[in-house]
Amino acid sequence: MKLHNLNKSELVIYCQSIGIDTKNKSKEVLLEEAEIFGQQEIEDAKKNGTDYDMLYSKIEQLSNLYAETLDVKIQERKEEMLEDDNSHYLLYRVLGISDKDGQLIDMYQNTGRFLYKYAGSFLEEAAVLCFRFNNLKGKRTLVKNNIGTKPKTFEIDFLDNNNAIEIKWKDATTDGDHITKEHTRVECITSHGHIPIRVMFYYPQRSQAMKIQKILATYYKGVKGQYYSGDEAWDFVKKYTGYDLLKILTDIADKKTN
């Protein structure tokens, strides 16, 4: 759970659930106290050798939270679609797609967007947990854009000493502007004295998207950064943090689907 993304009411509920007194406290204070609580919890687990079990439990709880939210979003969208104007099905039929198949295509397209969004956010957050368990001093960090005017800042998913780790579940963009933006981001990060490290778990399968990733990989290496994708990304997380994220996710998936 990304605490900084919670609104005040959600943060209060979370803090109360872990025993933090929330009366007359600002959001900033609650965030600080929740972070301290989480750090102490992890430190205690590492001291008594139960850190792997705690990490597994936290990732499993996170998966349940995302699964519940995803289900709600999908059900809401299905309800909304019952009221949709389907006059465009005429065009589907012109192209040989029946009303029934057209309805299924629209439903999967709409709900698929939610699945992609939440699957990616979950994996990225689970990966950050692994890095955090490895180094409690590391954290999400914003750095000022001293190269251009937009955006004003760039986010580093996890800054571990000078290692600026960016976590992507996948990146299938084919937009050339994406390369320019990424170049600016990396240049900005290196100007702050950090080493850019890109970790992308799933490599794109379309030729144009693959071409862009190859360009980015070359650029990272050119500025003495690091670029990991696919199996290399999973291996990097395991070697860097000491926690096998792929195994944890596989075990959770097997438990839920078998």
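Only the coordinates and a few stated rules stand behind these numbers; no lab work does. From a predicted model like this one, the values you see are computed outputs, not experimental measurements. Here the Cβ positions follow ideal geometry from the backbone for every residue, glycine too, while neighbour counts run over all protein chains shown.
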* To do: Over all alpha-carbon pairs in region 19-101, figure out the percentage whose distance exceeds 18 Å.
  => 71
* Relative contact order of the chain, pairs being alpha-carbon contacts under 8 Å that are 6 or more residues apart, as % -> 13
* Would you work out which of Gly138, Leu245, Ala209 lies farthest towards the positive end of the dipole of region 132-246? Charges go on Cβ: Lys and Arg +1, Asp and Glu -1. => Gly138
* **Whole-number Å³ per residue for the convex hull built on Cα positions in region 84-237** => 157
* Calculate for the chain the 222 nm mean residue ellipticity that helices alone would give, adding -39,500 (n - 2.57) per DSSP H run of length 4 or more and normalising by residue count, nearest 500 deg cm²/dmol. => -21000 deg cm²/dmol
* Any chance you could list the semi-axes, whole Å, largest first, of the equivalent ellipsoid that the Cα gyration tensor gives for the chain, using √(5λ)? => 33, 27, 20
* Size of electric dipole in the chain: Cβ of Lys, Arg +1 and of Asp, Glu -1, about Cα centre, debye, nearest 20 -> 940
* What fraction of the DSSP beta bridges in region 132-246 is antiparallel, stated in percent and rounded to the nearest 5? -> 40
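Taking R0 as 25 Å, what's the FRET efficiency between Leu104 and Ser207 from their Cβ-Cβ distance, rounded to 0.05?
0.30
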* Residues in region 175-197 near a label at Ile215, defined as backbone nitrogen under 16 Å from the 7 Å Cα→Cβ point? -> 175-187
* Structure fact -> Here, Asp231 and His183, labelled 7 Å along Cα→Cβ, have an inter-label distance in nm of 3.3
* Asked: Given charges of +1 on the Cβ of Lys and Arg and -1 on the Cβ of Asp and Glu, with all other atoms neutral, how large is the dipole of region 113-258 about its Cα centre, in debye to the nearest 20?
  -> 240
* Based on a Kirkwood Rh over C-alpha pairs, give the Stokes-Einstein translational diffusion coefficient of region 52-167 at 4 °C and viscosity 1.567 mPa s in µm²/s. => 73
* How do Ser17, Ser63 rank when sorted from fewest to most other Cβ atoms within 10 Å of their own Cβ? -> Ser17, Ser63
* Asked: Label Ser9 and Thr257 with points 7 Å out from Cα along Cα→Cβ: what is the distance between them in nm?
  -> 3.6
* In sequence order, what are the phi-derived ³J(HN,Hα) couplings for region 210-220 according to the Karplus relation 6.51 cos²θ - 1.76 cosθ + 1.60 with θ = phi - 60°, rounded to whole Hz, with x for glycine and proline? -> 5, 4, 5, 5, 5, 5, 5, 4, 5, 5, 4
* Which three semi-axes in whole Å describe the equivalent ellipsoid of region 1-49, each the square root of 5 times a Cα gyration tensor eigenvalue, listed largest first? -> 22, 11, 9
* Structure fact -> In nanometres, the difference between 0.36 nm per residue of separation and the alpha-carbon distance of Arg77 and Lys137 is 17.6 nm
* Asked: With each pseudo-label sitting 7 Å past Cα toward Cβ, what's the Lys238-Asp53 distance in nm, one decimal?
  -> 2.3
